[in-house]
Amino acid sequence: QVQLEESGGGLVQAGGSLRLSCAASGFFFSLSTMGWYRQAPGEQRDMVAEITRRENTNYADSLKGRFTISRDNAKNTVYLQMNSLKSDDTAVYYCSAKTNLGHTFWGQGTQVTVSS
């Protein structure tokens, strides 16, 4: 059974930082592309960042330099370090896994709220 459990969300003031974690199980984590997406109320879900099994990274252009994705294959965990947060970063953040078998899985999401 695939599980993706996000943590680390919460309320932070503008300019602050948060680190999201996603603990994964039930699939070959080290062979999978892991990602973070976000969805604000009334908007579509957009990619924030992805990291391949070879640790190649891809970021939404607007977030480069503020957000950093990383992974720890020994812990089956992917992280998202978010710095210099803005009110526009307020959203539900979802962890995603694209497995080597071509399946995509999602976590339940964690709320990030940035107060101005």
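Checking the stated criteria, Ser70 turns out not to satisfy the condition of being of a type outside the set (A, V, I, L, M) and either at pLDDT below 95 or farther than 19 Å from Ser7 by Cα (or both). Against the numbered list (1) in contact with a helix residue (DSSP H, G or I) (Cβ under 8 Å, 6 or more places away or on another chain); (2) assigned to a loop (DSSP other than H, G, I, E, B), Val48 comes up short only at (2). If we scan region 25-39, do we find a residue that is in contact with a Gly (Cβ under 6 Å, 6 or more places away or on another chain), farther than 17 Å from Thr110 by Cα and open to solvent by less than 70 Å² (accessible area, probe 1.4 Å)? Looking through region 25-39, none of the residues is in contact with a Gly (Cβ under 6 Å, 6 or more places away or on another chain), farther than 17 Å from Thr110 by Cα and open to solvent by less than 70 Å² (accessible area, probe 1.4 Å). Is it fair to say Leu4 is open to solvent by less than 50 Å² (accessible area, probe 1.4 Å), under 12 Å from Gln108 (Cα atoms) and either of a type in the set (A, V, I, L, M, F, W, C) or in a loop (DSSP other than H, G, I, E, B) (or both)? For Leu4, the condition - open to solvent by less than 50 Å² (accessible area, probe 1.4 Å), under 12 Å from Gln108 (Cα atoms) and either of a type in the set (A, V, I, L, M, F, W, C) or in a loop (DSSP other than H, G, I, E, B) (or both) - is met. Could you check region 20-45 and list, in sequence order, the residues that are closer than 14 Å to Asp72 by Cα and in contact (Cβ under 8 Å) with a residue 60 or more places away in the chain? Across region 20-45, the qualifying residues are Leu20, Cys22, Ala24, Phe28, Phe29, Leu31, Ser32, Thr33, Met34, Gly35. Screening Leu20, Leu31, Leu11 for residues that are at pLDDT 95 or above, within 15 Å of Cys95 (Cα to Cα) and not basic (Lys, Arg) leaves exactly one candidate, Leu20.
Within region 97-112, residues that are in a loop (DSSP other than H, G, I, E, B) reach partners that are open to solvent by 70 Å² or more (accessible area, probe 1.4 Å) with beta carbons closer than 7 Å, at six or more positions or on different chains, in the pairs Thr99/Phe28; Asn100/Phe28; Gly107/Glu5.
The values are calculated or read from the model by the stated rules, or taken from the named source; none is laboratory data. The structure displayed is predicted, hence computed values, not measured ones. Positions of Cβ are backbone-derived with ideal geometry, glycine not excepted, and every protein chain shown enters the neighbour counts. Side chains are part of the model used for accessible areas, which takes the heavy atoms of the whole protein and leaves out ligands, DNA and RNA. Shrake-Rupley method; radii C 1.70, N 1.55, O 1.52, S 1.80 Å.
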